[in-house]
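*Asks:* Got a structure for you, questions after.
The values are calculated or read from the model by the stated rules, or taken from the named source; none is laboratory data. All values reported here derive from a predicted model rather than from experimental measurement. Cβ placement follows ideal geometry from the backbone for every residue including glycine, while neighbour counts extend to all protein chains displayed.
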Amino acid sequence: MSFSILGTGKAVPEYILTNDELSTMVDTNDEWIKTRTGIEERRVCKDETITELTVKAATAALEDAGVKPEELDLIICSTMRGENITPSQGCMIQKEIGATCPAFDVNAACSGFIYALDIADGYFVRKKVKYVLVVSMDNLSNITDWKDRSTCVLFGDGGAAAVLGEGDDLLSINLTANGNDEVLRIPHGTNSSPFYKHEEERAVLHMAGNEVYKFAVNAMATGIKKSIGDAGLTEDDVDHVIPHQANIRIINASAKNLGIPREKFFCNVNHYGNTSSGSVPLALDEANRAGLLKKGDIIAMCAFGAGLTTGSCVIRWAK
Ligand SMILES: CC(C)(COP(=O)(O)OP(=O)(O)OC[C@H]1O[C@@H](n2cnc3c(N)ncnc32)[C@H](O)[C@@H]1OP(=O)(O)O)[C@@H](O)C(=O)NCCC(=O)NCCS
C-alpha cells in the first residue's frame, strides 16, 4: 500500500513577462524564443514571496483533496531556494497553514517533485503517514542572469502542490543522479567568512544548453520507458504524459522516441517556461482542473534537471 493523489493546487505570480518585453532587455526576439523553445511568456515574482506562493498552492491542494492542515502527517517541499537557508520552506508552509506535522525540504532541482513523491512513498510503505502534502516551488527569477540571452528566456516562477493519501495508485517510480556541475550549476555566491580563500562566483544560473538538451531528450525517453515497464504496462496503456516543461522541442522529441502520440503529452511551457521543480505538478494541476484526467487514467510523469537528476513515475489517477 502506498499512496493516491487526492488533490492538487497551483500558484504562479501575477506578472506576465512576454517575449516582446524580454526583447527590450537582451538581444532576442519572440520568433527565436518561440521556435527554439515553444515559450511565449513566463511569470515573474514582483510582489509575491515564495512563502506566499507555496502557501497558496498548498491551500488550493488541501481544498481540492478535502483534507485539513491539522490532518497532515508530513510536509515535503521541493525547492532549490526557499525563503531562508533555514528554517526550511516546508516549515514556513507548516507555520502558515497551521499544520503540526514534521516538515522539510528536498533539493533535486527540476526533478524535485518526483523525488518528493518517492520519499513520500517510503513513509506510506512504513505506515508512518495517512496524509502527506508535497509542495514544489521555485523562484528562478532571483537566480537568473538577466543579461544572458541564452538562459534568461527559458525560465519562470511558480509551482504547485499535491496532497497524497493512503492508496495503491503509485504504480512505479524511478530516480537517477549523475553528479555533474559542469553543464548546469547555480553557485551560492556569498560567503560571509573572512577566512575563506576561494573566489566567489555570481549566484546565477550557468548552463551549457546543448549538453543539457541531449541529456534531457535521452533521459525523458529512458525514464518514461523504464517506469512504464516497471508498472507492468506498455506505452499503449498510457493515457497522459506529464513531462517536465523545459522546451517544447524536448517534449516533441521524447514523444517521437517513445512512440506515444504527441496529443497525450500535456504542455503549458508556452505560458510558464521552465519553472524547475514546480513544472511537473503545475502541469498536473492544470490537466486536473481542466477535467482532462479521468478516474483510472494511467499517467506517466518525468522530469530532469541540475545534478544531473531525473525522476519518472507512473500513477493511476484516483480522483
Ligand atoms: C538553450 C536552447 C534553447 C538553445 O537552443 P539551440 O537551438 O541549441 O541554440 P544554440 O545554443 O545552438 O544557439 C543558436 C544561436 O542562437 C543564439 N541565441 C541563443 N540564445 C538566443 C536568444 N535568446 N535569442 C536569440 N538568439 C539566441 C546563439 O548565440 C547562437 O548563435 P550563433 O549561431 O551565432 O552562435 C536549447 O539548447 C535547450 O533548450 N537546451 C536545454 C536547456 C534546458 O532545458 N535547461 C533546463 C534543464 S532543467
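*Asks:* For residues that are more than 21 Å from T151 (Cβ to Cβ) and either touching a residue at least 60 places away in the same chain (Cβ under 8 Å) or surrounded by 10 or more Cβ atoms within 10 Å (Cβ to Cβ) (or both), tally how many sit in segment 182-201. Even if it seems obvious, please write down each step before you answer.
*Replies:* To start, the set of residues in segment 182-201 that are more than 21 Å from T151 (Cβ to Cβ) comprises 191-199.
Restricting the remaining residues to those that are either touching a residue at least 60 places away in the same chain (Cβ under 8 Å) or surrounded by 10 or more Cβ atoms within 10 Å (Cβ to Cβ) (or both) gives 191.
Here the count works out to 1.
*Asks:* Within segment 79-91, is there a residue that is surrounded by fewer than 23 Cβ atoms within 10 Å (Cβ to Cβ), in a helix (DSSP H, G or I), at pLDDT 95 or above and in the same structural domain as A162 (by TED's automatic domain parsing)?
*Replies:* There is at least one residue in segment 79-91 that is surrounded by fewer than 23 Cβ atoms within 10 Å (Cβ to Cβ), in a helix (DSSP H, G or I), at pLDDT 95 or above and in the same structural domain as A162 (by TED's automatic domain parsing).
*Asks:* Evaluate the following for A219: is it within 23 Å of I248 (Cβ to Cβ), touching a strand residue (DSSP E or B) at 6+ places or on another chain (Cβ under 6 Å) and surrounded by 11 or more Cβ atoms within 10 Å (Cβ to Cβ)?
*Replies:* yes
*Asks:* Here is a follow-up. Considering segment 161-186 alone, what residues qualify as being among the β-branched types (V, I, T) and part of a loop (DSSP other than H, G, I, E, B)?
*Replies:* Within segment 161-186, V183, I186 meet the criteria.
*Asks:* May I ask you to list the residues in segment 192-213 that are closer than 22 Å to L140 by Cβ and either at pLDDT below 90 or part of a helix (DSSP H, G or I) (or both)?
*Replies:* Of everything in segment 192-213, those that are closer than 22 Å to L140 by Cβ and either at pLDDT below 90 or part of a helix (DSSP H, G or I) (or both) turn out to be E200, E201, R202, G209, N210, E211, V212, Y213.
*Asks:* Then there's this: Hey, can you tell me all the residues within segment 92-114 that are on the phi > 0 side of the Ramachandran plot and part of a loop (DSSP other than H, G, I, E, B)?
*Replies:* Once the filter is applied, which keeps residues that are on the phi > 0 side of the Ramachandran plot and part of a loop (DSSP other than H, G, I, E, B), segment 92-114 yields only G98.
*Asks:* Give all pairs with beta carbons closer than 6 Å in which a residue from segment 95-124 that is hydroxyl-bearing (S, T, Y) meets a residue that is assigned to a helix (DSSP H, G or I); count only pairs at least 6 apart in sequence or on separate chains.
*Replies:* none
*Asks:* Going residue by residue through segment 203-211, is there one that turns out to be surrounded by fewer than 16 Cβ atoms within 10 Å (Cβ to Cβ) and in contact (Cβ under 8 Å) with a residue 60 or more places away in the chain?
*Replies:* Looking for residues that are surrounded by fewer than 16 Cβ atoms within 10 Å (Cβ to Cβ) and in contact (Cβ under 8 Å) with a residue 60 or more places away in the chain, one finds at least one in segment 203-211, hence yes.
*Asks:* Something else now. Of the residues G189, G158, which single one is on the phi > 0 side of the Ramachandran plot, assigned to a loop (DSSP other than H, G, I, E, B) and touching a Lys or Arg at 6+ places or on another chain (Cβ under 8 Å)?
*Replies:* Selected residue: G189, the only one of G189, G158 that is on the phi > 0 side of the Ramachandran plot, assigned to a loop (DSSP other than H, G, I, E, B) and touching a Lys or Arg at 6+ places or on another chain (Cβ under 8 Å).
*Asks:* Let me ask you something else. I need the full set of residues from segment 128-143 which are more than 15 Å from G82 (Cα to Cα) and either crowded, with 19+ Cβ neighbours inside 10 Å or free of Cβ contacts under 8 Å to residues at least 40 places away in the same chain (or both), in order please.
*Replies:* Passing the criteria: V129, Y131, V132, L133.
*Asks:* Further, regarding this structure: Does segment 64-74 include one or more residues that are closer than 30 Å to K127 by Cα, at pLDDT below 95, away from the ligand (no atom under 16 Å from the Cβ) and of a type in the set (A, V, I, L, M)?
*Replies:* So far as segment 64-74 goes, no, none of its residues is closer than 30 Å to K127 by Cα, at pLDDT below 95, away from the ligand (no atom under 16 Å from the Cβ) and of a type in the set (A, V, I, L, M).
*Asks:* Follow-up. Being within 16 Å of the ligand (Cβ to nearest atom) and of a type in the set (A, V, I, L, M) is the filter here; which residues of segment 294-316 pass it?
*Replies:* M301, A303, A306, L308
*Asks:* From the list T54, T37, T28, exactly one residue is within 16 Å of the ligand (Cβ to nearest atom) and surrounded by 20 or more Cβ atoms within 10 Å (Cβ to Cβ). Which is it?
*Replies:* The unique qualifying residue is T37.
*Asks:* Of G259, G278, G291, which residue is over 26 Å from G9 (Cβ atoms) and outside the structural domain of G9 (by TED's automatic domain parsing)? Working first, answer last.
*Replies:* Details: G278 fails: over 26 Å from G9 (Cβ atoms); G291 fails: over 26 Å from G9 (Cβ atoms).
Every option except G259 fails the conditions.
*Asks:* Given the residues G232, G305, which is the only one that is modelled with pLDDT of 95 or more, among the small types (G, A, S) and surrounded by 24 or more Cβ atoms within 10 Å (Cβ to Cβ)? Outline the logic, then answer.
*Replies:* Details: G232 fails: surrounded by 24 or more Cβ atoms within 10 Å (Cβ to Cβ).
So the residue among G232, G305 that is modelled with pLDDT of 95 or more, among the small types (G, A, S) and surrounded by 24 or more Cβ atoms within 10 Å (Cβ to Cβ) is G305.
*Asks:* May I pose another question? For segment 9-21, indicate whether the set of residues that are without any contact (Cβ under 8 Å) to a residue 24 or more places away in the chain, more than 21 Å from S276 (Cα to Cα), surrounded by 15 or more Cβ atoms within 10 Å (Cβ to Cβ) and within 16 Å of the ligand (Cβ to nearest atom) is non-empty.
*Replies:* no
*Asks:* Only one residue in S136, S193, S111, S172 is of a type in the set (S, T, Y), touching a Ser or Thr at 6+ places or on another chain (Cβ under 9 Å) and more than 15 Å from the ligand (Cβ to nearest atom), so which one is that?
*Replies:* Just one listed residue meets the conditions, S172.
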